[in-house]
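Have a look at the structure below before the remarks.
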Amino acid sequence: MTPAVPIAGSGGSRRATSADVARAIGVSRATVSYVLNNRTDKAISEQTRQRVLAKAAELGHVPDASARALRKGRSTVVLGLVPGFTVGTIFDEMLEHMSRHVADAGYALLLFPMPAAPDAVQALQELSQHLHPAVVAVLGGAFDAETIRDLGDVVNSSIVSDADIIDHVAIGRLQGEYLIERGHTRIAFASTASVLLHPIAAQRAAGVASACASAGLAHVDGATVSDDVASTTALIHRWLADDVTAIACYNDDIAIRVMLAMHELGLTDGKDLSLIGVDNSPLSQLGITTVAADPSEVGRLVADRVLRKLGDRVEIPFTGDVMQVVPRRSA
């Protein structure tokens, strides 16, 4: 929150207004409004524009949200629906960048943790009685197309999704293709024990299976990796008995668990079994090959999609090339 500052003649400290900015530098309030709202249709000299911006920053002037909403003719809130759990490092960092981009355009990103489908629809229906956002952004790729349509039916706002930007099937396919290119013909999928993460894990597993099918390879059923080292070592014995040579893991955390269990058995990752994770988390630097995304680029793309829906941004073509493999020792 911007602190109140002493304003001459105010009899105390209060938040600076556009009138205070205008008075301080001797211009009209309309001029200040044009500059702060980036009105390109008004002839304001660059020198005046810079003076207004500098004085507004000095006085701590923050445009009033209700006034901005009246000017725009709609809410300035972008409601981001996120899964009620942590998707991963890439997603968390992407939200930070997305929030910055929409803020620069004069909107506030409000994140709301959502339960799994079908409870998500009822949760949004209840929330919409109290909040009327300009746009609803379904984030994290946790909901399928049918659920997203159902969400759109219960909210009186435009709705967008990041499903084709954070594409979990594509992530799994990239894992599978990388391992296949390195000569692996028996690839298993190591999933997470978290029930909340199962929809995302299922998409990544489907991507691995798709890569195997495209290469004419038999699909190996996935298995759940828990916190218990003994159960994970049992899984490794089963994989080796089934001639599996590589494991596509739900994320880096699962890959680390498999790697530690391998070391308990005296096995070497990257030699006895190859491993690939997702997220490029700090732990992956222990030697885990992983799938990474540029969170700043993903955040920009999602923010751009939101702002285009609001009519505040010209479309920037999406190349689809935001994910890449970071090779390390494990694969």
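The values are calculated or read from the model by the stated rules, or taken from the named source; none is laboratory data. All figures in this text were calculated on a predicted structure; none of them were measured in a lab. Backbone-built Cβ (ideal geometry, glycine too); neighbour counts: all protein chains shown. Please note that ligands, DNA and RNA were not included when accessible areas were found on the heavy atoms of the full protein model with its side chains. Shrake-Rupley method; radii C 1.70, N 1.55, O 1.52, S 1.80 Å.
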message = As I understand it, the dipole of segment 162-212 uses +1 on the Cβ of Lys and Arg and -1 on the Cβ of Asp and Glu, about the Cα centre. Which of A170, I187, Q203 lies farthest toward its positive end?
response = I187
query = What dipole magnitude, in Debye to the nearest 20, does segment 130-234 give about its Cα centre under +1 on Lys/Arg Cβ and -1 on Asp/Glu Cβ?
reply = 280 debye
query = Taking the structure as given and computing log10 I(q)/I(0) by the Debye sum over Cα atoms at q = 0.10, 0.12, 0.13 Å⁻¹, which label from (1) -0.70, -0.88, -0.96; (2) -0.65, -0.92, -1.06; (3) -0.85, -0.97, -1.03 fits?
reply = (1)
request  = Net charge near V325: determine it from the other residues with C-beta under 11 Å of the C-beta of V325, scoring Lys and Arg +1 and Asp and Glu -1.
outcome  = 0
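If the only charges are +1 at each Lys and Arg Cβ and -1 at each Asp and Glu Cβ, what is the size of the charge dipole of segment 232-331 around the Cα centre, to the nearest 20 debye? The partial results should precede the final answer.
On the way: 10 positive and 14 negative charges, 36 e Å.
My answer is approximately 180 debye.
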task = Please identify, among A215, A193, A54, the residue showing maximal mean-square fluctuation in a Gaussian network model of the chain using a 10 angstrom Cα cutoff.
result = A54
message = Angle check, please: helix 89-104 long axis (alpha carbons) against the longest principal axis of the chain (alpha carbons), in degrees 0 to 90, nearest 10.
response = 20 degrees
ask   = Tally Lys/Arg at +1 and Asp/Glu at -1 over every other residue whose Cβ is under 14 Å from the Cβ of S226; what's the total?
value = -2
task = Note down the accessible area of V298, probe 1.4 Å, to the nearest 10 Å².
result = 0 Å²
query = For the chain, what does -39500 (n - 2.57) per DSSP helix run (n ≥ 4), summed and divided by total residues, give at 222 nm, in deg cm²/dmol to the nearest 500?
reply = -13500 deg cm²/dmol
task = Treat each spin label as a single point 7 Å out from the Cα along the C-beta direction, and report the A193 to D164 distance in nm.
result = 3.9 nm
note = Heavy-atom accessible area of the chain with neighbours in place, 1.4 angstrom probe: carbon+sulfur share in percent works out to 51 percent
query = What accessible area per residue, rounded to a whole number of Å², is obtained for the chain using a probe radius of 1.4 Å?
reply = 49 Å²
task = Note down the accessible area of D279, probe 1.4 Å, to the nearest 10 Å².
result = 20 Å²
remark   = Using alpha carbon centers only, segment 238-280 is separated from segment 166-222 by a whole-angstrom value of 14 Å
request  = Would you mind checking the tilt of helix 295-309 against the longest principal axis of the Cα atoms of the chain, expressed as 0 to 90 degrees and rounded to 10?
outcome  = 50 degrees
note = quick note, the chain, DSSP beta bridge pairs, % antiparallel (nearest 5) is 15 percent
ask   = Which residue fluctuates the most in the chain, going by a Gaussian network model with Cα springs under 10 Å, if the choices are L59, L127, L196?
value = L59
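With a sphere of radius 15 Å drawn around the Cβ of A201, what net charge do the other residues whose Cβ falls strictly inside it have (Lys, Arg +1; Asp, Glu -1)?
On the way: positive: R173, R204, R257; negative: D144, D167, D221, D252, D253, D279.
Net local charge, A201 excluded: -3.
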